[in-house]
Each structure stands twice: as structure tokens, then as C-alpha cells.
Amino acid sequence: MKNEAIRALSLDDLRTQIKTEQTNGQQMRFAHAISPLENPGRLKANRKTVARLQTELSRRNNEQASNQA
């Protein structure tokens, strides 16, 4: 998921997407433990996507906190 697409998400969609990506990542790790994935690079890509989503969520929360102060 590209940063432009992440920035376009609403706050609720952002939280939902984080949960979805974390669940997908967990399922991929379990599947990889049983039998190797065809493309193990997807694990790394999933971790990066989750990190991007969490960074955007944190940025928005910090922005809201500074606007309230």
C-alpha cells in the first residue's frame, strides 16, 4: 500500500486496515511455519505496510493533540 493511499484513508478505515494487515501477517507467518511460502518477501512487505499504517495513525493522533493544546 502506497503512502498516498494511506493518507487518503479516514481514521476508522486506517484502524480497520491495521487490524486486517496484522491478521494477514499472522496467518502468513503461521502458514510459513508449516510449509515455506512461495514468496517469503511478502512477510517483510506486510511488516512494512503495518508500520506505515501505524506511523500515519500516530501522526494523526499527534496532530490532533497539538491542535487541541
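Would you be able to tell me the number of residues in the stretch 22-38 that are free of Cβ contacts under 8 Å to residues at least 24 places away in the same chain and either surrounded by 10 or more Cβ atoms within 10 Å (Cβ to Cβ) or among the β-branched types (Val, Ile, Thr) (or both)?
Residues that pass the stated criteria total 10.
Looking only at residues that are assigned to a loop (DSSP other than H, G, I, E, B) and among the polar types (S, T, N, Q) in the stretch 22-57, which one is nearest to the chain's Cα centre (by Cα)?
Going through the stretch 22-57, the residues assigned to a loop (DSSP other than H, G, I, E, B) turn out to be 35-40.
With among the polar types (S, T, N, Q) added as a condition, the list becomes 35, 39.
On the way: Ser35: 24, Asn39: 19 Å.
The extreme case among them is Asn39.
Mind listing whichever residues of the stretch 1-21 are surrounded by fewer than 14 Cβ atoms within 10 Å (Cβ to Cβ) and not in a helix (DSSP H, G or I)?
Scanning the stretch 1-21 gives Lys2, Ser10.
Values in this text are rule-based calculations from the coordinates and carry no lab data. Please read these numbers as outputs of a predicted model, since none were measured by experiment. In this analysis, Cβ positions are derived from the backbone assuming ideal geometry, glycine residues included, and neighbour counts consider all displayed protein chains.
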